[in-house]
Structure formats: C-alpha cells, structure tokens
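None of the figures in this text is laboratory data; all of them are computed from the coordinates on show. What you are looking at is a predicted structure, and each value in this text was computed from that prediction instead of being measured. Cβ placement follows ideal geometry from the backbone for every residue including glycine, while neighbour counts extend to all protein chains displayed.
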Amino acid sequence: MTSLNWTQTHQEQQSAGWRLEMQAIITRNGVETPEPLKATVTGSLPSWLQGVLIRNGPGKFSVGDSKYNHWFDGMSLLHSFTFTHGEVIYRSQFLKSKTYQRNMKANRIVVSEFGTMIYPDPCKNIFSRFFTHLSNVIPDFTDNNLINVIRYGRDYYASSEVNYMNQIDPATLDTVGRVNYRNHIALNLATAHPHYDQEGNTYNMGTAVIGLGPPKYLIFKIPADPSDANKSALKDVQHVSSFPFRSRRFPSYFHSFGMTENYIVFVEQPFKLDVLKLATAYFRDTHWGACLKFDKGDITVFNIIDKKSGKRSATTFCGDALVVFHHINAYEEAGHVVVDLISYKDSNLYDMFYLHNLRQETKDFIEDASQFSPPTCQRFVLPLQSHQESPRGVNLVTLTDTTAEAVMREDGTIHCRPETLFSGLELPNINYKYSGKKYRYFYGSRMEWSPHPNKIAKFDIVTKTCQQWQQDNCFPSEPVFVASPDAQEEDDGVLLSSIVSPDPNILPFMLVLDAKNMKEIARATIPAQVHIDLHGVFIPADH
C-alpha cells in the first residue's frame, strides 16, 4: 500500500474538509432517539422485507470532563431499523449497563475499558481507595457490551468479549438486565460472533484464564429452545470441548471462529494475551489493550474440533504468522475443510482506532495508515485425509478450484499456504443459509486508507470479480444480507447498510441494495443523528 501524492487542488481541499468532518462524526458523542421515528422512504422496499435490523457500536466517548482513549472504549449505543409494510421506523438508545449507570451517576468515567484504565478519585478516603486497588488484583471487566447483538435461545443480548452480556428487548432496545456467563460456564472471555446451526442452536467459544482448573479454551452450545420457557436458555448450556493453550501464559486472542457442518475451526494465532500483564495492568499504570502482543516469529495453528465428540484433530495444521479478527465462512468438501478469513500481517489495526490517531489531520492520517497492513481475504484448505504416512514436501490439497496448498513437513505438521481472494475488504457478511456450506459470494465494506468514501463490495469467488456501491461523501456500515423468502439462488436478497455523511446536505439513511447487481432499490432517510456502528443482526418479523 503506497502513500498518496498530495497537491492542494480544490477537490483535495474539499476531501480534506470531509475527512475532518468525518473525524468529528466518528468521535463525537451520539444521541438517543428512544421514541419511534418514521423515516422517509424513496424507491420501493420489497414487500417481504419485514423485521428489525439491530446495530451496536461505541457511541459515547466522554462523560463530564473525562474522555476515553480508544474508539472501542466508547459506551454502547444501540440502533434499530424496523421494516414493516413498506415503512421504516428508527430508534436508538444507550445500553443501560452497570458501566453506563455508574459513569453517568458520577458524571465521569469510573469503569476501565480496553484502552482506558481508570483509577480511584483522589478525593475519596483512604479506605475507599484501598478497596478499589484490592478489587483490581483480579480484574472485573466492564459490561459495556458494544460489539454485537447475539441470540441465545429466544433472547437477544448486547455482547462484547468479556464474561458479561446485557439482555435487550429487540422491539424497544430497552436493557432488560445483565447476565454473567460465569453463572453458567467457567470462562473469563467469550466471542461476540457465535454461530447458529440449521436447528437454531448457538455455538460459541471462550477462554478460561483465571479461576479453578488449568487455563483452557472452551467451546459450548446453547439449545435453540430452552427447557424452561420462563428461564434463560443459558441455563441449558452444553459443554462441547475444551483444550489447553499452546503456551500457558499466552493464550491466543480471538474475535471469531469458523464452523462447518461437522467441525469447529479455531485459528490459534500469534496475536496473544499476556495473562501476567493482564493481572497486573492496573498496578503497572497501563491498560488492558497493552496486554496484547503480536509474536511475528511464531506460527498460526488451525484447530479442527469435532462438534459431536469434542475431539480435536491429531494432525497439526499450521501457517505463517497472521492476525485474524473476522471469519468469512468455512465448509467441508471432498475430505477437506476450507477456511475463508480476513487476515493481517500484524496487529497494528488496533492502533489506528486510538482517538488521537482518528483525530489527526488528513495528510498525517493517510501517511500513518499507509504503514498498516491491509485486510486480505484468504482461503486456507486443510486436507483431513492426510496422515503420518502422507508424502512429504508435496501439495496434499486435491481440490481443483483453489490455489491454496498444504504440505506435510518432516516433523509431521502440515504447513498451509493460502490463496488470496481479495484485498481491502472487512466486516464480511454472507447469505447465512450458506454458513458451513460451499458458497459463492461474500459482501463487506471496502477499507481504503484515504479521505475518499468507503464502498460496499460484493465478491464472486468463482469469477474473482467484484461489484461495488458508492456515493460521494457517504460512509456505509457493515452490510447485512437478508435473503428473499422464495430465493432460488444464493444472492437472491437485499443488503442493508446504515449510511452517514459529513455533508450536512445528506441526512443519514438506511440503504437497501439488490444483492444481485448491487443497485440501490430503496433508501430510508432519517431526520436524526445516526452514529457509526460495528455489528448487528436482522430479526425477521416471524421470529
């Protein structure tokens, strides 16, 4: 990725102006619109598009005179777009977590986050300060669940990557109450990107770092229907598998994982959490984000776990060092597991989202961002039929539609070399009916380190072609695919994306694209401030 050659033309000055305005939109405090607000629809919404799209992301970056350091620290702001009979209704509310309530009551930030460590008010008495210090011997994480909205049983939860979640009412966005994973399963961290099988069961992964027993990774399953309709489905949690870290002190960080019909795919990457640093971060005057490190000299290990038996493959599949946050899809074919994900060459992506970086002048931002590793969509293929007698030094992948390779080394490990599908796309989404199955299309947001607007992209894995949607000075959120109820083909459906703009003449709008040709079929303009978000879920009206 190269730096841009800047000349002071009128167009570039205007682009720089939009960049500064966009910085303000990204880092400003959001506002609530708790009462239903009717959007103005232009175009024609499909009659079958009935349901609610709920989005989640950081939306409050200062309280009183105190400010967060990192974009991922901002307090959760939920949005909903309800589609009913050709109309769109918008709402937004801050997640009323314990963190939110404590911060607002104190009129300052009093709960530590990923990139912001908080210390007791020096005006408090010595006993209060001592209690605060003592409680940080074993850190109790924030419940500011700002990443995603996930389903367990019939309930929906705002989630992040800690042991706390907050149940929400999908219709009103009201916060129902806080849930602690540890009341049901012994873990300290869990992903905000679970998977759902065809029966509606939910699979997720977590990490047990501190507590009884040795540290380990955990895979668990929540049944689609709770055994007691009056109780949370979490009470029916089923242990699927657990296995130790490769390094006891340095578990792999993971934001998501892959799932096929029969397997869980866990990428144990060399982007690691230092457990000792985590336990002592408070006393070392640093934040939890500083406890993550990328070991470029290490390898990446692909763990294949049988969903029924819980057993992990005895074969070690490995690859070069990489960082992965989002999986695209995974599936089985002819004795292979195909794993599509978005990789980075290092972990510097997190650095870009420190608020002082986001607030840089345009030229400085471009120059700094050009040094970061771009997101690359890659395909790894793991030949399950390989064994210790397999020939060394030759490609064991027999699939004919990929250039990915897997070569057994002398020590019996299989080194996997990926096929690069596409570069510059993040926040991937697919037709989830094809999750765990062979598929053709994925969608996402184009990531370009420039003042020019991002785009929504559709990539065709078969033809290796890309279609895009773009509008000047418009910034889309993660696109969400909603399938047509009578779909005959994989891309029969629409893409939904919330759009914001630094241009005061362009109000926020919900964009509806035909997923086949990436053409706009409708938009719902919202006469209110809408904040940029991260992830979300579409809940059909009949669910």
Taking amide H positions as placed in the peptide plane 1.01 Å from N, state which residues far from V110 in sequence (5 or more) or on other chains have amide H under 5 Å from it. N103
Grab the other residues whose beta carbon is less than 11 angstrom from that of S347, score K and R as +1, D and E as -1, and report the net. +1
Quick one: Kirkwood hydrodynamic radius for the chain, alpha-carbon pairs, angstrom, one decimal? 24.4
Diagonalise the Cα gyration tensor of the stretch 382-438 and give the resulting equivalent ellipsoid semi-axes, square root of 5 times each eigenvalue, largest first, whole Å. 28, 14, 10
Under 13 Å Cα to Cα from K216, which aspartates and glutamates show up? Leave out anything in the same chain fewer than 8 places away. E268
For the charge dipole of the chain, defined by +1 on Lys and Arg C-beta atoms and -1 on Asp and Glu C-beta atoms about the Cα centroid, which residue among N145, T42, S484 has the Cα displaced farthest towards the positive pole? N145
Karplus ³J(HN,Hα) for the stretch 415-428 (6.51 cos²θ - 1.76 cosθ + 1.60, θ = phi - 60°; Hz, whole; x = Gly/Pro) runs 8, 9, 10, x, 9, 7, 8, 6, 10, x, 10, 9, 6, x
For N505 and D542, what is the calculated FRET efficiency with R₀ set at 25 Å and r taken between the beta-carbons, to the nearest 0.05? 0.05
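So between V394 and H356, what do we pick up on full extension, going 0.36 nm a residue minus the alpha carbon distance?
Gain in length upon complete extension: 8.8 nm.
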Just to be sure I understand the model, the point goes 7 Å from the Cα along the line to the Cβ. What's the resulting K296 to L384 distance in nm? 3.6
Go through the stretch 149-192 and name the trypsin sites (Lys or Arg not before Pro) that are in a DSSP coil and have 16 or fewer other Cβ atoms within 10 Å of their Cβ. R154
At q = 0.13, 0.20 Å⁻¹, what log₁₀ I(q)/I(0) does a Debye calculation on the Cα points of the stretch 141-213 give, no solvent, two decimals? -0.37, -0.84
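Can you tell me the FRET efficiency between D285 and A229 if r is taken as the Cβ-Cβ distance and R0 is 56 Å, rounded to the nearest 0.05? Show your work: numbers first, answer last.
Working: r = 49 Å, r/R0 = 0.87.
After rounding to 0.05, the efficiency reads 0.70.
Count neighbours as other Cβ atoms within 10 Å of each site's Cβ, and list the trypsin sites (Lys or Arg not before Pro) in the stretch 307-356 that are DSSP loop with at most 14 such neighbours. Walk me through the numbers on the way to the answer.
Working: sites: K307, K308, K311, R312, K345; in loops: K307, K308, K311, K345.
Answer in residue order: K308, K311.
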Size of charge dipole - the stretch 367-441 - debye, nearest 20, with Cβ of Lys, Arg +1 and Asp, Glu -1, no other charges: 480
Under-5 Å amide H pairs with N148, H placed in peptide plane, nonlocal only: S159
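Given R₀ = 56 Å, what would the calculated FRET efficiency be for T40 paired with S247, taking r from the Cβ atoms and rounding to 0.05? Numbers along the way, then the final one.
Values: r = 55 Å, r/R0 = 0.99.
For R0 = 56 Å, the calculated efficiency reads 0.50.
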For A190, what residues show an amide H to amide H distance below 5 Å, using hydrogens built from the backbone and excluding near sequence neighbours? V162, T207
Local charge sum around L53 (other residues, Cβ-Cβ under 13 Å, Lys/Arg +1, Asp/Glu -1)? 0
Which whole-Hz couplings ³J(HN,Hα) result when phi for each residue of the stretch 161-169 is put into the Karplus expression 6.51 cos²θ - 1.76 cosθ + 1.60, θ = phi - 60°, listed in order with x for Gly and Pro? 10, 10, 7, 9, 10, 10, 5, 10, 8
Tell me, what ³J(HN,Hα) does each residue in the stretch 496-510 have, in order and in whole Hz, if you take phi through Karplus 6.51 cos²θ - 1.76 cosθ + 1.60 with θ = phi - 60° and put x for Gly and Pro? 10, 8, 7, 10, 10, 9, x, 6, x, 8, 10, 6, x, 8, 8
Under 21 Å from the Cα of K221 - lysines, other chains or at least 8 residues apart: K231, K235, K307, K308, K311, K433, K437
Label point 7 Å out from V176 along Cα-to-Cβ: which residues of the stretch 216-253 have amide N under 11 Å? 230-234
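In debye to the nearest 20, how big a dipole does the chain give about its Cα centre with +1 on each Lys and Arg Cβ and -1 on each Asp and Glu Cβ?
Working: 52 positive and 58 negative charges, 300 e Å.
Computed about the Cα centre, the dipole is about 1440 debye.
Restrict the search to the stretch 425-528; then list the trypsin sites (Lys or Arg not before Pro) that DSSP places in a loop and that have at most 14 other Cβ atoms within 10 Å of their Cβ. Let's see the in-between values first.
Values: sites: K433, K437, K438, R440, R446, K455, K458, K464, K516, K519, R523; in loops: K437, K438, R440, K455, K464, K516.
Listed in order of number, the matching sites are K438, K464.
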Cross-link reach from K455 to aspartates and glutamates, straight Cα distance under 17 Å and at least 8 residues apart if same chain, gives E426, D472, E478, D503, D514, E520, D533
Just to be sure I understand the model, the point goes 7 Å from the Cα along the line to the Cβ. What's the resulting D320 to H85 distance in nm? 5.8
